[in-house]
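Take a look at the structure set out below.
The values are calculated or read from the model by the stated rules, or taken from the named source; none is laboratory data. Just so you know, these numbers come straight off a predicted model, no measurement behind them. Cβ coordinates were reconstructed from backbone atoms using ideal geometry, including for glycine residues, and neighbour counts include every protein chain displayed. The area values use the complete protein model at the heavy-atom level, side chains included, leaving out ligands, DNA and RNA. Shrake-Rupley method; radii C 1.70, N 1.55, O 1.52, S 1.80 Å.
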Amino acid sequence: MPITGIYGPDDFASRPQGRTISSAPRATLGRPELALPTPSLDWTPAVERATASLYERVKHVIPPIEWPLMAPTIKAINELKRARNAVILAHNYQAPEIFHCVADIAGDSLQLAVEATKVKADIIVQCGVHFMAETSKLLNPDKTVLIPDSRAGCSLAASITGADVRLLREKFPGVPVVAYVNTSAEVKAEVDICCTSSNAVQVVESLNAPSVIFLPDRYLATYVASKTDVKIIAWKGACEVHERFTGDELRGLRDADPTVQIIAHPECPPDVLAEADFTGSTAHMISWVRNKRPRRLVMITECSMADNVRAELPDVEMLRPCNLCPHMKRITLANILESLLTLREEVTIDPALAARARRSVERMINLKN
């Protein structure tokens, strides 16, 4: 079913003008009194032996000449995790040295949200963007949640505010609101339930409503609308990584090699999805590759994920029309180490707002499959 309407900031005359939309959580700059001394970061035979098994995981995507620059920091991070009783959560878009070598839990937004509820450690280090760190804090209010760089924002999260959601509710009274997890805690506090790209259709249909407001990604909303009879009212947000791909680009790849397989994330524009052999969340894309084992593959999403998949499945040749997320790439081995040493930057959320936002996330997690 086509989207029945799409709205944005300019469609609301009463929306405050000229304001700055915050795209980062509040975060502390560390606890100097609890800081630990910086370990040696020299490349030594002992470091080489200690990290040899980790390099086996990434040897197909990280050249040998680069490993001595990374291995000492990787070893230090893994030792600090034990000293701090910390766990590292990493999104599928993190670089291979993070995803495969220091992460304890890796996955897409839904996987990380679910696993965050099971964490026993005292400290969670979120290797992803700010809304992921906020989500971990919402689900673990009594734990310390760190994000190595609070400037790791998101174009989708920055596209909408809690005030915008309230204006949408005024315009469409009684219509339930679904928020993609790529939103701030402020927005989550104003909606009925959250979703990820993995479960968006299921969440929309679970509301048993003829119409649903779906925000903030216009392209994911279009994809959901094509999979359900529910009328979708959308917001004009978009992912700055996925919206840069084009159908012409994909047709050019297929013209060059008709045997190539193309899989795409539903945050991409409709002309891109029309050219894809499969559309799904990052977790579903990875499962598809594991099951199909195509000879040559194009993954239309943030391109670090292609490296992470190739590290696991080196027999799959990756063709890479590469769009990097500048926000995800703010997370590095160096600032993960600094975060563990100094406990910076700790994510905090106003308790009253967090209680409201937590409900919408928990409703998603508790939704029966």
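Odds and ends about this structure:
- Spread of Cα-to-Cα distances over 10 Å intervals beginning at zero, given as percent, for the chain: 5, 24, 32, 25, 12, 3, 0
- Lone cysteines, the chain (no partner Cβ under 4.7 Å): C101, C127, C154, C194, C195, C239, C268, C325
- Amide H contacts of T144 (H built 1.01 Å from N, in plane; Pro and chain starts excluded): I124 sit under 5 Å, all sequence-distant by 5 or more or on other chains.
- When each of K171/K231; K81/K188; K137/K227 is checked by Cα-Cα distance, pairs over 22 Å: K81/K188; K137/K227
- Placing a pseudo-label 7 Å from each Cα along the Cα-to-Cβ vector at A121 and I365 gives an inter-label distance of 1.7 nm.
- The stretch 150-215-the stretch 270-287 distance, computed between alpha-carbon centres (Å): 22 Å
- Taken as Cα centroids, the stretch 224-238 and the stretch 31-107 sit 41 Å apart, rounded to the nearest whole angstrom.
- On the chain, 50 percent of the accessible area sits on carbon and sulfur atoms, based on a 1.4 Å probe.
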